[in-house]
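Here the structure comes first, spelled out in structure tokens, and everything after it is commentary.
The values are calculated or read from the model by the stated rules, or taken from the named source; none is laboratory data. This is a predicted model, so every value here is computed, not measured. Quick reminder, even Gly has a Cβ in these numbers, built from the backbone with ideal geometry, and neighbours come from all protein chains shown.
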């Protein structure tokens, strides 16, 4: 197996008396898609925010590319990007203008060619000159994904990237992401509440519940370990287990 490009050790985040993430450790290997699975409130978003340097861990360490995130945040984040259905972009700009702003913030070269390529790959030609405030939720999801891929990151965090998209676009985007990931050797942390999508996209999965990692492995390994028919049944079983002290 390839070397870890992301190394998380004993990561903990407390908000007052509440522990959102409790002493978790995991790796993401170069060229791997790691699925992060768990019900709402399990600690997934808090984990991603710590990996992005948006919030400071209470304890533990995060290393990317062999560097400590706490000490080399700017250098690391130049090679990392993030897409989520829960972020917004300036509403007064068009889709293309928003992508140009991102490109200039990252000092990218050949900006128009990059924009044209990503718009073609994500089938956004019909909204290229549309104001962002007029986008549907599905169109906004594609824009945030385009924003993340524009910078050609080495590590990509995708938080429900296909939410709000119709099945045809979902299928095309999954195929595009898999091809892009293989060709670029991209490492991805992927979250979704669609169990079939998690099975299709992830090389490995970690299941987070009450801030703890409670299962880890391929989807088949996890299903067999819990004696269920599929990953959805495992999700329901683990999500319904009471929190232990």
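Among the residues of segment 136-145, is any outside the structural domain of residue 28 (by TED's automatic domain parsing) and within 18 Å of residue 77 (Cα to Cα)?
Checked segment 136-145: at least one residue is outside the structural domain of residue 28 (by TED's automatic domain parsing) and within 18 Å of residue 77 (Cα to Cα).
Out of 7, 32, I need the residue that is within 18 Å of the chain's Cα centre (by Cα), surrounded by 21 or more Cβ atoms within 10 Å (Cβ to Cβ) and over 17 Å from residue 239 (Cβ atoms). Which one?
Unique residue meeting the criteria: 32.
Can you give me the number of residues within segment 182-193 that are surrounded by 15 or more Cβ atoms within 10 Å (Cβ to Cβ) and out of contact with any helix residue (DSSP H, G or I) (no Cβ under 9 Å at 6 or more places or on another chain)?
Result for segment 182-193: 0.
Please verify whether segment 93-101 includes one or more residues that are in contact (Cβ under 8 Å) with a residue 12 or more places away in the chain and in contact with a strand residue (DSSP E or B) (Cβ under 8 Å, 6 or more places away or on another chain).
The answer is yes, given that some residue of segment 93-101 is in contact (Cβ under 8 Å) with a residue 12 or more places away in the chain and in contact with a strand residue (DSSP E or B) (Cβ under 8 Å, 6 or more places away or on another chain).
One line per residue, one yes/no per condition, for (1) surrounded by 19 or more Cβ atoms within 10 Å (Cβ to Cβ); (2) assigned to a strand (DSSP E or B):
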{"residue": "141", "(1), (2)": "yes, no"}
{"residue": "157", "(1), (2)": "yes, yes"}
{"residue": "164", "(1), (2)": "no, no"}
{"residue": "173", "(1), (2)": "yes, no"}
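Would you check if residue 84 is under 29 Å from residue 215 (Cβ atoms) and either at pLDDT below 95 or not assigned by TED's automatic domain parsing to the domain that holds residue 182 (or both)?
Yes, satisfied.
With the condition kept exactly as written, say whether any residue in segment 77-95 is over 20 Å from residue 150 (Cβ atoms) and in contact with a helix residue (DSSP H, G or I) (Cβ under 8 Å, 6 or more places away or on another chain).
no
State whether the residues of segment 218-229 include one that is assigned by TED's automatic domain parsing to the domain that holds residue 44, under 15 Å from the mean Cα position of the chain (by Cα) and in a helix (DSSP H, G or I).
No: zero hits.
Search segment 110-128 for residues being assigned to a loop (DSSP other than H, G, I, E, B) and under 22 Å from the mean Cα position of the chain (by Cα), and hand back the single one that is modelled with the highest pLDDT.
Filtering first and then ranking leaves 124.
Residue under question is residue 81, and the condition is that it be touching a residue at least 12 places away in the same chain (Cβ under 8 Å), closer than 30 Å to residue 179 by Cβ and under 19 Å from the mean Cα position of the chain (by Cα); does it hold? If you could, list the steps in order and put the result at the bottom.
Numbers: touching a residue at least 12 places away in the same chain (Cβ under 8 Å): yes; closer than 30 Å to residue 179 by Cβ: yes; under 19 Å from the mean Cα position of the chain (by Cα): yes.
Considered against the rule, which asks whether it is touching a residue at least 12 places away in the same chain (Cβ under 8 Å), closer than 30 Å to residue 179 by Cβ and under 19 Å from the mean Cα position of the chain (by Cα), residue 81 comes out as yes.
For segment 192-205, does any single residue satisfy the condition of being assigned to a strand (DSSP E or B), touching a residue at least 24 places away in the same chain (Cβ under 8 Å) and on the phi < 0 side of the Ramachandran plot?
yes
Only one residue in 61, 19 is assigned to a strand (DSSP E or B), touching a residue at least 40 places away in the same chain (Cβ under 8 Å), over 20 Å from the mean Cα position of the chain (by Cα) and over 23 Å from residue 185 (Cα atoms). Which one?
On the way: 61 fails: over 20 Å from the mean Cα position of the chain (by Cα).
Going through 61, 19 in turn, just one is assigned to a strand (DSSP E or B), touching a residue at least 40 places away in the same chain (Cβ under 8 Å), over 20 Å from the mean Cα position of the chain (by Cα) and over 23 Å from residue 185 (Cα atoms): 19.
Do we have any residue at all in segment 228-236 that's under 23 Å from residue 21 (Cβ atoms) and surrounded by fewer than 17 Cβ atoms within 10 Å (Cβ to Cβ)?
Looking through segment 228-236, at least one residue is under 23 Å from residue 21 (Cβ atoms) and surrounded by fewer than 17 Cβ atoms within 10 Å (Cβ to Cβ).
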